[in-house]
Amino acid sequence: MNGWRTAAGDLLLGARCPGCDAAAWGLCSVCRDQVACHRPTLTRPDPCPTGFPRTVTSAPYGAALRGAISAHKERQALGLTPYLGERLAMSVSALLSLEPDRARGRRIAVVPVPSAAAAVRSRGFDATWALARVAARRLSGRYATVATRALAQRRGVGDQAGRTAAERAANLRHGLVLRPGRRPGLVVLVDDLVTTGASLTEAARVLSAAGVEVLGAATVAATVRLRGPRERGGGLEIGHLGG
């Protein structure tokens with residue numbers, strides 16, 4: 001069946017795997033297997049900004065996820081939304097499992113880090129919001145999860161892509177606000193990718209300053225090199241982002 005689908009994608013549609021450029025619809029089976037071998041992992045930037053929330057990622061930012069995230073965000077490859085959303089749901093679930101008593105019986109708000117409005121307009125859709133909605137639906141059978149656009153960017157905040165760590169931090173400093181009338185429950189921040197940690201740190205700061213309880217954050221991928229101890233009692237390895 002996989003061979004037939006690959007051939008059809010090549011001969012009929014010219015579809016290519018965003019991870020390795022093989023003929024396929026979406027990620028090919030080889031790239032999926034490469035991602036599937038990774039389990040959700042605690043990660044943090046190196047250096048780590050003050051206030052960075054405890055964060056779980058589903059896998060390192062290797063070729064397969066790099067291609068998939070880029071195609072989803074920049075080329076509107078909407079067929080990848082269920083797959084990437086499922087990877088995000090795995091990360092959220094792993095984060096919630098670290099503190100089951102705190103999460104049990106609570107309304108869990110899956111809150112995406114907002115993208116720059118200009119970037120969303122140019123892309124034609126909000127990729128992170130789409131993933132947050134999928135993740136919330138996937139987890140709704142086990143937790144009272146709901147995707148909530150609780151945060152917004154102030155005017156003048158630019159896209160984070162291509163900026164250095166210092167530029168990312170400066171770009172987002174006081175650049176996020178809690179939307180009027182939004183009082184989410186226990187929050188899990190989500191994003192497709194964590195690099196320097198500036199976006200998640202600022203998002204956590206804004207919510208905490210408003211009295212909102214933030215459990216942590218979850219991402220699809222992270223620019224990770226694994227090292228160091230395991231989370232006590234949680235069984236998750238700690239990964240450090242490359243500087």
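On full extension, the segment bounded by Arg182 and Ser70 gains 37.3 nm, given 0.36 nm per residue less the C-alpha separation.
Site pair Asp33 and Leu78 shows an inter-label distance of 3.2 nm when each label is modelled 7 Å from Cα along Cα→Cβ.
Each residue of the range 73-80 was assigned a 3J(HN,Hα) from its phi angle through the Karplus curve 6.51 cos²θ - 1.76 cosθ + 1.60 (θ = phi - 60°); the sequence is 7, 8, 10, 6, 7, 5, x, 8 Hz, with glycine and proline shown as x.
In this structure, the amide hydrogen of Ala218, modeled 1.01 Å from its nitrogen in the peptide plane, lies closer than 5 angstrom to those of Val56, Leu189, Val190, Asp191, counting only residues at least 5 positions away or on a different chain.
Every number here is computed from the coordinates shown, using simple stated rules; none is lab data. Here the structure is a predicted model, which is why all the values come from computation and not from measurement. Cβ: placed from backbone, ideal geometry, glycine included. Neighbour counts: every protein chain shown.
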